[in-house]
Amino acid sequence: MFPVPFNDTQRLEALESYDVLDTGPNEALDCLTRVASAHFKCPVALVSLVDETRQWFKSGHGLEAVETDRESAFCGHTIQTNEPLVILDATRDARFSDNTLVCGSPEIRFYAGAPLITPLGFRLGTFCVIDVEAREDFSSADTATLKDFAKTAMEMLELQRRVKSHEAQPPENDCAEKARVDLFSTVAHEIRSPVAALCSSAKILESQIFGPPGDERYLEFFCMMSETAEQVVNLADRMLNFARLRTGDVEMKEELVGVRDLLGKAKRLAVMESGADGACVRIADMEHEIFVRADKVYLAQMLQNLILNALKYNDGNPEILLNAGLSDAGVLTIDVIDSGIGMNEEGIRLALQPYAQIQQTGRKFVGGVGIGLPLVKRLIEMHGGRLAIESKENIGTKASLLLPAYRVESIRDLAVPLL
């Protein structure tokens, strides 16, 4: 059985969105594989896309076949991580020594492949080079160059997708204009309230109604201004990040992140922004601190958004539990569980759509820009994971971030519970 990435369903959907499978030659990609073949002195260079049951070659230099089954595909192993896979001698590698592509034509001995990674983090396939002779070495400089070839190939595919998307874009109509007006109106409302509070606090300080500066009551207004300004900045950050994700203009800065500490930080930020009582958000005890390789800022933003939603959609007495743990397969799950108003299936579907607003019959409209969950979904997918939501009306919601096992770096024992 061939290896399957944790997020293969979403990965295949991403591949389908590029509308590139079984299409004609691409001159630019063909030029790229020719150059790679000459540079690495390999007779075969490929742009391989890993479909559900096969790998299909969008560009193939030195190979007559246009596809192979996924079972025998070396590239199926390469797409398990973001790093290149190098096999110096396939006959000496237990994973490939009895592979049909090694034992039979084209008799692969050397293989080096780098994943084609989309702006959202999905690995669609690889840029790879193949030789029928084993090699003694493939240097770090060679590996870096191979990654550059893969990045260039992915940029070509991304450009092609954007051109097709633009050509297929229907002319704007009254509905699109109304959606824009509604969005601007909502954003203006979301920004106006905290800015008005800032102005009021500034006027109090300016008028010195408590006498000369130095009175402790002025400090309260300075703190209020700081927290209110933070709300505006957080709103702007969410909107900017969502816009960048929509255009693909975003990069991840990966580092080692402690999940327990991250839960504590996200809780503090969400409570501060919402003005809620911190006691209503509880972090479940963890026996171990789990360290993951991820973008710390984006991961914190995902959790903060989920906690803010849990605080917002409730009947006035929120009870929220934050929990994290590893499955037997090593998948990290971070849960935000609330006892709020919940949603039905249609509500979940609507909540995941950009700019959508949920209005439940008989309940007060709580407002918002409508980018929280769509932003979380895109950010977690960029990490190779997924967002799962379980919800029932009048019972509550469980929103879960699932990160693949390859992102879990290490764990260590904990002795002190986190409040």
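Annotations
Yes/no per residue for (1) in contact with a Ser or Thr (Cβ under 8 Å, 6 or more places away or on another chain); (2) of a type in the set (A, V, I, L, M, F, W, C):
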{"position": "Glu16", "(1), (2)": "no, no"}
{"position": "Asp19", "(1), (2)": "no, no"}
{"position": "Asp30", "(1), (2)": "yes, no"}
{"position": "Val35", "(1), (2)": "no, yes"}
{"position": "His39", "(1), (2)": "yes, no"}
{"position": "Gly76", "(1), (2)": "no, no"}
{"position": "Leu85", "(1), (2)": "yes, yes"}
{"position": "Asp89", "(1), (2)": "no, no"}
{"position": "Asp98", "(1), (2)": "no, no"}
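- Scanning the range 274-282 finds one or more residues that are of a type in the set (A, V, I, L, M, F, W, C) and either modelled with pLDDT of 85 or more or not assigned by TED's automatic domain parsing to the domain that holds Ile411 (or both).
- Selection from the range 2-30 of residues that are more than 22 Å from the chain's Cα centre (by Cα) and farther than 20 Å from Phe149 by Cβ: Phe2, Leu21, Asp22, Thr23, Gly24
- Matching residues, the range 84-97, being out of contact with any Gly (no Cβ under 9 Å at 6 or more places or on another chain), over 15 Å from Asp131 (Cβ atoms) and either at pLDDT 95 or above or small (Gly, Ala, Ser) (or both): Ala94, Ser97
- Some residue of the range 297-305 being assigned to a loop (DSSP other than H, G, I, E, B), surrounded by fewer than 21 Cβ atoms within 10 Å (Cβ to Cβ) and at pLDDT 85 or above: no
- Filter result (in a helix (DSSP H, G or I) and of a type in the set (A, V, I, L, M)) within the range 2-21: Leu12, Ala14, Leu15
- Highlighted here are the helices (runs of 4 or more DSSP H) found entirely within the range 22-122 that include at least 3 residues which are more than 25 Å from Glu136 (Cβ to Cβ) and in contact with a helix residue (DSSP H, G or I) (Cβ under 9 Å, 6 or more places away or on another chain): 27-40.
- Considering residues of the range 73-118 that are of a type in the set (Gly, Ala, Ser) and free of Cβ contacts under 8 Å to residues at least 60 places away in the same chain only, the residue nearest to Phe57 (Cα to Cα): Ala114
- The listed residue being of a type in the set (D, E, K, R), modelled with pLDDT under 90 and not in a loop (DSSP other than H, G, I, E, B), out of Asp142, Asp182, Asp148: Asp182
- Test for Thr118: is it polar (S, T, N, Q), closer than 24 Å to Met252 by Cβ and assigned by TED's automatic domain parsing to the domain that holds Leu15: yes
- Selection of the range 34-58 for residues being of a type in the set (Ser, Thr, Tyr) and either in contact (Cβ under 8 Å) with a residue 60 or more places away in the chain or over 29 Å from Asn7 (Cα atoms) (or both) yields Ser37, Ser48.
- Selection of the range 5-32 for residues being free of Cβ contacts under 8 Å to residues at least 40 places away in the same chain and not acidic (Asp, Glu) yields Thr9, Leu21, Thr23, Gly24, Pro25, Cys31.
- Just so you know, in the range 107-148 the residues that are over 14 Å from Asn82 (Cβ atoms) and polar (S, T, N, Q) include one that is nearest to the chain's Cα centre (by Cα), and it is Thr145.
The values are calculated or read from the model by the stated rules, or taken from the named source; none is laboratory data. Fair warning: this is a prediction, and the values are worked out from it, not measured in the lab. Positions of Cβ are backbone-derived with ideal geometry, glycine not excepted, and every protein chain shown enters the neighbour counts.
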